[in-house]
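Just below is one structure, and these are the notes that go with it.
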Amino acid sequence: MAGVIPIEPQGCASHEVLRERGQREVFCGLTGIVWMHRKMQDAFFLVVGSRTCAHLIQSAAGVMIFAEPRFATAIIDERDLAGLADANAELDRVVAQLLQRRPDIRTLFLVGSCPSEVIKLDLARAAQRLDAQHFPQVRVLNYSGSGIETTFTQGEDACLAALVPHMPQAKPAAAPQLLVVGTLADVVEDQLQRLLHAMGIDDVAFLPARHSRSLPEVGQNTRMLLAQPYLADTARALQARGAVHVPAPYPLGAVGTTAWLGAAGDAFGVTRAHLLSVTEAARQRASRALAKQREVLQGKSVFFFPDSQLEIPLARFVSQELGMRLTEVGTPYLHRAHMAPELEQLPQDVRLSEGQDVERQLDRVHAQRPDLVVCGLGLANPLEARGLTTKWSIELVFTPIQGYDQAGDLAELFARPLNRGMRLAA
Ligand code: SF4
């Protein structure tokens, strides 16, 4: 097992957390549409929002559209804001037009925004009304992507939570099923599914599925394995339907992926020896890819601003598998139960922070001057101007990074800005 680092807790589960409640610098939940519209190929996301919302989505996703887009914005204008127009009538008209033009749509998400919340447009009721009109051809659901109180990955959580009530109920006597929860790129989903099948876990379902209406069953024999760390509401809704959470770290890097598969294996009676034999070749490939990037990253210090909620699993990965030194690891929210297997692997001396007070955090980052800062887009340029090297955290969400075959690419995302800095300095 050359180069694979053993899964041994370093004991940070009880680490003290600095809690901050100040000004925040984060994107809103609309951003999730960018990766979810690529996953659910027959769904459409209709943002009910302003020109600002439309601009955000277009600029975030524009470069990635190769076919007719599966999202749009129904613009709320000044007349709506002033209460002069019936926003519901306008919405019904826009939806009818859209569905007539796009008969391929099977699920339509009405996505709430700050403006729709400001005018108190009841999108839950609108979705019910439109669903009654258009189901079974189209299912109409709603969730909020508003940026007032959320961080950008919570848009996915809200979207998946909206799907849960529509999942069929599994029979009490149904055979145990593994439900993998969280959007994964198709290539990653295929790889992980192959490995799970090779381990002997045959009944594996994914939420979301590629076809938005192929919703898996859920019930007391569902074993829920989270593939993304920001799905608190979805997990709660699934548990209320009987699903049992399988605690696991997240499938990042060779160690993380082995531990994630191992947690599934434990829940389905797969022996450790069988897991290691099935994953042997993939672990070897991942180890070789990581060794190359470790030459650049070993001993380098890294500071994570709170942004995507992926920060703790990423910090575990870079410290445990690449030998980076963690200075501060910020997360917008800390879900102790979902994060426990990751926290156990973090070094004792790392500073964890939850929430944000951006000015204070900037003071700390300038005082520490880490080799690499992982942060949101809004902070990257000012930090670069002050001589720090940055990585956009959103890139780590948009890129397929889970699983063995992506471990090298994930490490390279951290190494690239440092390599670029070295080339510029040479
Ligand atoms: S939902 Fe709110 S934060 Fe997001 S783009 Fe629209 S106005 Fe801005």
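The values are calculated or read from the model by the stated rules, or taken from the named source; none is laboratory data. Bear in mind the structure is a predicted one, so any value in this text is a computation, not a measurement. FYI the Cβ positions are ideal-geometry reconstructions off the backbone, even for glycines, and counts take in every protein chain you see.
Quick look at the numbers
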{"read-out": "Within the range 39-56, considering residues that are in contact with a Leu (Cβ under 9 Å, 6 or more places away or on another chain) and part of a helix (DSSP H, G or I), the one farthest from the ligand (Cβ to nearest atom)", "value": "Lys39"}
{"read-out": "Per-region count, the range 131-164, residues more than 16 Å from the ligand (Cβ to nearest atom) and either out of contact with any strand residue (DSSP E or B) (no Cβ under 9 Å at 6 or more places or on another chain) or part of a loop (DSSP other than H, G, I, E, B) (or both)", "value": "4"}
{"read-out": "Helices (runs of 4 or more DSSP H) lying entirely in the range 241-347 (those with 2 or more residues that are in contact with a Phe, Trp or Tyr (Cβ under 8 Å, 6 or more places away or on another chain) and of a type outside the set (A, V, I, L, M))", "value": "253-267, 272-297, 311-322"}
{"read-out": "Residue within the range 182-194 that is crowded, with 21+ Cβ neighbours inside 10 Å, more than 22 Å from Ala281 (Cβ to Cβ) and modelled with pLDDT under 95 present", "value": "no"}
{"read-out": "Any pair with Cβ under 6 angstrom, 6 or more apart, that starts in the range 198-216 at a residue that is under 15 Å from Arg139 (Cα atoms) and ends at one that is part of a strand (DSSP E or B)", "value": "Ser212/Ala43; Ser212/Thr107"}
{"read-out": "The listed residue being modelled with pLDDT of 70 or more, touching an Asp or Glu at 6+ places or on another chain (Cβ under 9 Å) and more than 23 Å from Thr399 (Cα to Cα), out of Glu20, Glu16", "value": "Glu20"}
{"read-out": "Gly323, sole failed condition from (1) modelled with pLDDT of 95 or more; (2) crowded, with 24+ Cβ neighbours inside 10 Å", "value": "(2)"}
